[in-house]
Amino acid sequence: MSDQPTTATTAETPAMPATDHAPATVRGTLGSPLSHEALTLRILDRFPTVRTDVHRGELTFFVDPGEVVDLLTFCRDDDDLSCALLADLSGVHFPAGEHVVERQASTTGWPEHRVSRDVGVVEVLYVLRSIARNHWFRVSVAVSDVEGESTVPTVTHLFPTANFHEREVYDLFGVVFEGHPNLERILMPDDWLGHPQRKDYPLGGVDITYKNDKFIPPPDERDIREIVE
């Protein structure tokens, strides 16, 4: 797929067949869904520096923090894209350094693997959906995981549903959404130290005693093999 589109997609562009490049095969309220290729051409025609990726049939656009408001505004207001719904806003932390993920045969079945990154980042992920056209895609914004540098402009003025979502990402990952009307913790106590869903947050817990004298230790003292076996 070319990084520089030559033509913009029109509203009459037909949907792709049911393949990895088609986000949906059912019409929306006002028309057919655009294919991944058509969505990419439409957005790159307006934002040519945005990177794209299709993995396991899911389309993602990677955008800098300074462009996210303009891109989401375009996706919402453009007649072809018509993404009036911010279906989800979440975060994921990728810390710097080299990390070994142990074999997890008893849970996910994943083998042991090694992950290495030079710079730690928190990805803020926006899932946009068009009710009118019935297509959807993801927008990813990566910011530094260093305290004081994890900032992204708020999109609460574009999508009211972003209000609580942004508070959750702020609470659990430490990302500051500049311009948010009430950026306070939403799950953890106000005086809680740290952000529990970051991968550099210490694993811990409390002892829990269940009925019939069943006991499960906190996660930092737990051996999953003992529980499974």
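If R0 is taken as 30 Å, the Cβ-Cβ distance between Asp77 and Glu102 corresponds to a FRET efficiency of 0.05.
If you sort His55, His135 by accessible surface, 1.4 Å probe, largest first, the order is His55, His135.
Given R0 = 25 Å, the distance between the Cβ atoms of Ile131 and Glu178 translates into a calculated FRET efficiency of 0.30. When a 1.4 Å probe is rolled over the protein heavy atoms, the share of accessible surface on segment 126-197 that falls to carbon and sulfur comes to 54 percent. Distance between the pseudo-spin-label points of His55 and Val119 (7 Å out from Cα toward the beta carbon): 1.8 nm.
The order of the peptides 31-40, 156-165 by mean Cβ neighbours within 10 Å, most packed first, is 31-40, 156-165.
The values are calculated or read from the model by the stated rules, or taken from the named source; none is laboratory data. What you are looking at is a predicted structure, and each value in this text was computed from that prediction instead of being measured. Here the Cβ is made from the backbone with ideal geometry for all residues, glycine too, and neighbour counts use every protein chain on show. Side chains are part of the model used for accessible areas, which takes the heavy atoms of the whole protein and leaves out ligands, DNA and RNA. Shrake-Rupley method; radii C 1.70, N 1.55, O 1.52, S 1.80 Å.
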